[in-house]
Number of protein chains: 2
Amino acid sequence: MSLCKLMMRSVLKSLRASTLCRLDHTPSRGVASIIDGKKIAEDIKMEIKAEIDQLTSGGQRQPHLSVVLVGDDPASAVYVRNKINACKRVGINSEAIVKPSATSETELLDTISALNENPGVDGILVQLPVPEHMNERVICNAIHPSKDVDGFHVVNVGRFVQDMDCLMPCTPLGVQQLIIRSGVETFGKNAVVCGRSKNVGMPIAMLLHADGEGDTNAFDATTTLCHRYTPPEQLRRFVQTADIVVTAAGVVNLITADMVKPGCCVIDVGINRIVGPNGKPQIVGDVDFEVRQVAGHITPVPGGVGPMTVAMLMKNTLRAYKKEVNEF
Amino acid sequence: MSLCKLMMRSVLKSLRASTLCRLDHTPSRGVASIIDGKKIAEDIKMEIKAEIDQLTSGGQRQPHLSVVLVGDDPASAVYVRNKINACKRVGINSEAIVKPSATSETELLDTISALNENPGVDGILVQLPVPEHMNERVICNAIHPSKDVDGFHVVNVGRFVQDMDCLMPCTPLGVQQLIIRSGVETFGKNAVVCGRSKNVGMPIAMLLHADGEGDTNAFDATTTLCHRYTPPEQLRRFVQTADIVVTAAGVVNLITADMVKPGCCVIDVGINRIVGPNGKPQIVGDVDFEVRQVAGHITPVPGGVGPMTVAMLMKNTLRAYKKEVNEF
């Protein structure tokens with residue numbers, strides 16, 4: 001990194017720290033500030049739209065995202081529709097390429113290869129999961145890293161964990177933005193991540209612990225990664241002293257009010273389908289509702305991390321279009 | 001992973017657990033078992049030698065490692081000599097390609113390219129650091145991943161953090177072997193790593209926390225990554241409840257006897273040059289000598305992790321020769 005960039009970051013960091021001191025973002029017990037993911041995602045999309053509008057009004061073509069869906073899983077179809085809708089909203093041209101579940105891996109690879117070679121396609125995304133007769137890793141690695149807007153290609157993963165500029169996975173990016181835009185301080189703080197999945201928990205732990213001077217703008221927090229084999233009493237102990245808790249475990253009520261430190265920031269990435277008290281299906285996260293009586297900041301489910309994932313996909317597509325990562 | 005492999009691992013895990021119960025590897029206070037890295041490294045090298053002897057007596061050629069050294073840094077020269085000597089010891093054919101520090105990056109890349117294309121070369125290693133006018137990342141990524149016995153190529157890094165078979169970095173591999181061969185239990189335990197470097201601290205944290213069912217045979221421990229911005233009192237707190245402590249910080253006396261949990265396992269990756277009590281230069285780790293009065297297992301410095309790095313380089317070269325990782 002250039003000396004100039006280093007100096008700028010250092011100035012920004014001190015500015016941020018001093019602003020935080022003055023504003024005191026941490027509310028007292030009982031009034032957790034709800035991190036409105038829907039609104040922050042909308043803000044980000046509007047920033048992206050403004051940038052695209054400016055580029056296209058200058059005569060440039062629109063960015064283009066191709067989304068490939070194999071099979072007829074209804075949840076996947078909804079996710080794809082949301083992505084296409086978000087594209088429309090921000091001015092990204094998009095297409096959904098829908099293939100039957102019997103599609104062969106070779107056929108899908110051919111489709112990806114054609115998209116890789118098409119200079120009019122900036123971003124490519126294959127909606128996961130793919131049918132069982134396909135190797136997910138082979139599919140993810142077939143997308144050219146420079147068009148890999150999901151950030152799942154092995155080269156993007158490798159660059160990411162080395163704090164190098166890359167296309168980063170969307171949900172961790174969304175969590176990062178929620179924390180930044182809520183003014184939560186992370187430098188030298190204690191963070192706990194619950195869940196070690198390769199697309200969510202692990203990369204979030206990377207962003208939390210790594211060097212803020214690297215290309216990924218990481219958080220410099222001391223970070224504990226808890227998972228299915230962390231004994232409950234140990235999970236409780238780690239969470240009790242955490243300033244930032246990120247849950248991505250898929251376990252209802254994993255985190256309860258008696259477990260968290262007053263004033264902490266809780267980011268709930270969990271999506272669990274339960275039967276609600278009224279007998280109707282309901283979507284809840286990993287964090288018990290009562291935690292908001294103790295936490296300083298908390299994301300709701302739904303309306304927290306969920307909308308951010310799609311917003312960051314738009315951001316990645318814009319970055320791919322602008323060829324901001326050019327070292328592949 | 002195949003069901004068969006899964007079942008075998010599960011059986012092995014229970015076997016290992018039951019053996020541990022019977023043997024009780026954790027000594028009581030005051031008698032820390034010294035993990036003899038020199039001996040374990042020698043054992044591993046002898047295993048490798050036996051395997052190579054068998055292969056070559058069957059008519060196969062010897063494995064071959066090419067080590068490239070640019071410039072005349074005396075420490076680097078020593079490291080290269082140690083590697084070449086280890087090769088001789090285990091029956092790996094080797095060469096040291098020494099280039100002047102004024103060598104251009106293009107020239108070095110040409111050398112690497114020729115080694116990549118040479119079917120008689122199994123492993124390639126460029127001794128780091130390279131001179132300042134070269135981009136270390138470009139050099140590391142120029143080595144074909146299948147010959148990248150240091151495990152620094154972006155594709156090996158990306159595969160590694162996804163628990164996929166790959167050529168893994170040698171020092172983390174060495175730490176893993178020390179823990180396994182000392183019979184230290186890790187499953188569901190608390191681990192602390194001090195230091196977040198990309199070649200040592202971070203990959204060790206990956207091995208400690210990740211899924212033992214993955215290709216990297218990781219340890220399933222709850223893992224806390226501490227670093228330069230972890231406040232000292234927080235470091236103390238995390239270390240005090242850790243069953244496994246790995247230090248790779250380069251800070252003399254970072255860990256003292258009053259900080260560790262009785263019976264814990266302490267792996268000291270630190271290498272610090274100090275002036276000893278007799279006025280002579282001395283090499284010490286990050287861990288105070290007195291810790292051995294409290295810990296259950298501890299590595300000395302020197303003679304702990306150091307010899308393991310070279311042993312695992314031999315192992316990686318053998319794996320590259322046998323083309324055990326064939327998915328690049």
Please determine, in degrees from 0 to 90 and to the nearest 10, the orientation of helix A:105-117 with respect to the longest principal axis defined by the Cα atoms of chain A, where the helix direction is its Cα long axis. 90
What pairs from A:LYS88/A:LYS323; B:LYS189/B:LYS261; B:LYS49/B:LYS322; A:LYS198/A:LYS261 go past 19 Å between their alpha carbons? A:LYS88/A:LYS323; A:LYS198/A:LYS261
Compute, for A:LEU55, the solvent-accessible surface of its heavy atoms (probe 1.4 Å) with the complete set of protein chains present, and express it in square angstrom to the nearest 10. 40
Candidates A:ALA142, A:ALA41, A:ALA295, ranked by Gaussian network fluctuation over chain A, Cα under 10 Å, top entry: A:ALA142
Using only Cα atoms, find the angle between the long axis of helix B:37-57 and the longest principal axis of chain B, and express it within 0 to 90 degrees, rounded to the nearest 10. 40
Quick one: length gained pulling B:ARG236 to B:SER101 fully straight, 0.36 nm per residue minus the C-alpha distance? 44.3 nm
Segment A:165-308 accessible area per residue, 1.4 Å probe, protein heavy atoms, integer Å², reads 33
HN-Hα couplings for segment B:64-72 via Karplus (6.51, -1.76, 1.60; θ = phi - 60°), in whole Hz with x for Gly/Pro, come out as 9, 10, 9, 10, 10, 10, 10, x, 10
Based solely on its DSSP helices, what 222 nm [θ] is calculated for chain A when runs of n ≥ 4 H residues each add -39,500 (n - 2.57) and the sum is averaged over all residues, nearest 500 deg cm²/dmol? -13000 deg cm²/dmol
Comparing the chain by itself with all protein chains present, which residues of segment B:199-231 are at least 30 Å² less accessible (probe 1.4 Å)? B:MET202, B:HIS209, B:ASP220, B:THR222, B:THR223, B:THR224, B:LEU225, B:HIS227, B:TYR229
What's the longest bit of chain A with no exposed trypsin sites (Lys or Arg not before Pro), using DSSP loop states and at most 13 other Cβ atoms within 10 Å as the test? A:62-227
Have a look at segment B:91-194 and give its Rg and Dmax from the Cα atoms, expressed in angstrom. 16.6, 51
Specify the residue with the greatest mean-square fluctuation among B:GLY276, B:GLY71, B:GLY304, computed from a Gaussian network of chain B linking alpha-carbon atoms under 10 Å apart. B:GLY276
Debye, to nearest 20: dipole size of chain A, +1 on Lys, Arg Cβ, -1 on Asp, Glu Cβ: 720
Over the Cα atoms of segment A:239-287, what Rg and Dmax result, in angstrom? 11.9, 36
Please report the antiparallel percentage of the DSSP beta bridges confined to the protein assembly as shown, to the nearest 5. 15
Select from B:GLU290, B:GLU95, B:GLU233 the residue whose mean-square fluctuation is largest in a Gaussian network model of chain B (Cα-Cα springs shorter than 10 Å). B:GLU233
Cα coordinate range in the protein assembly as shown, projected on the principal axes (Å, largest first): 67, 54, 54
P(r) over all Cα-Cα pairs of segment A:61-150, 5 Å bins from 0 to the longest distance, whole percent per bin, short to long, reads 3, 14, 27, 25, 20, 8, 2, 0
In whole percent, the fraction of accessible protein surface over the protein assembly as shown that belongs to carbon or sulfur atoms, probe radius 1.4 Å, stands at 55
Can you tell me the equivalent ellipsoid semi-axes for chain A? Use √(5λ) from the Cα gyration tensor, largest first, whole Å. 32, 25, 19
Tell me, how many Å apart are the Cα centres for segment B:78-126 and for segment B:264-328? 23
Partner shielding of B:181-192, as the mean number of partner chain Cβ atoms within 10 Å, equals 2
For segment A:165-308: span of alpha carbons on each principal axis (Å, largest first): 49, 30, 30
Note the buried accessible area between B and A here, summed over both chains, with a 1.4 Å probe, in Å² to the nearest 100. 3000
GluC sites (Glu not before Pro) within segment A:102-170: which are DSSP loop residues with at most 13 other Cβ atoms inside 10 Å? A:GLU132
Please name whichever of B:TYR79, B:THR216, B:VAL192 sits farthest to the positive end of the charge dipole of chain B, dipole taken about the Cα centre and charges placed at Cβ: Lys and Arg +1, Asp and Glu -1. B:VAL192
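The values are calculated or read from the model by the stated rules, or taken from the named source; none is laboratory data. Model, not experiment: these values are computed from the prediction. Counting neighbours? That spans all protein chains shown, and the Cβs are built from the backbone with ideal geometry, glycine included. For accessibility, only protein heavy atoms count, side chains too; no ligands or nucleic acids. Shrake-Rupley method; radii C 1.70, N 1.55, O 1.52, S 1.80 Å.
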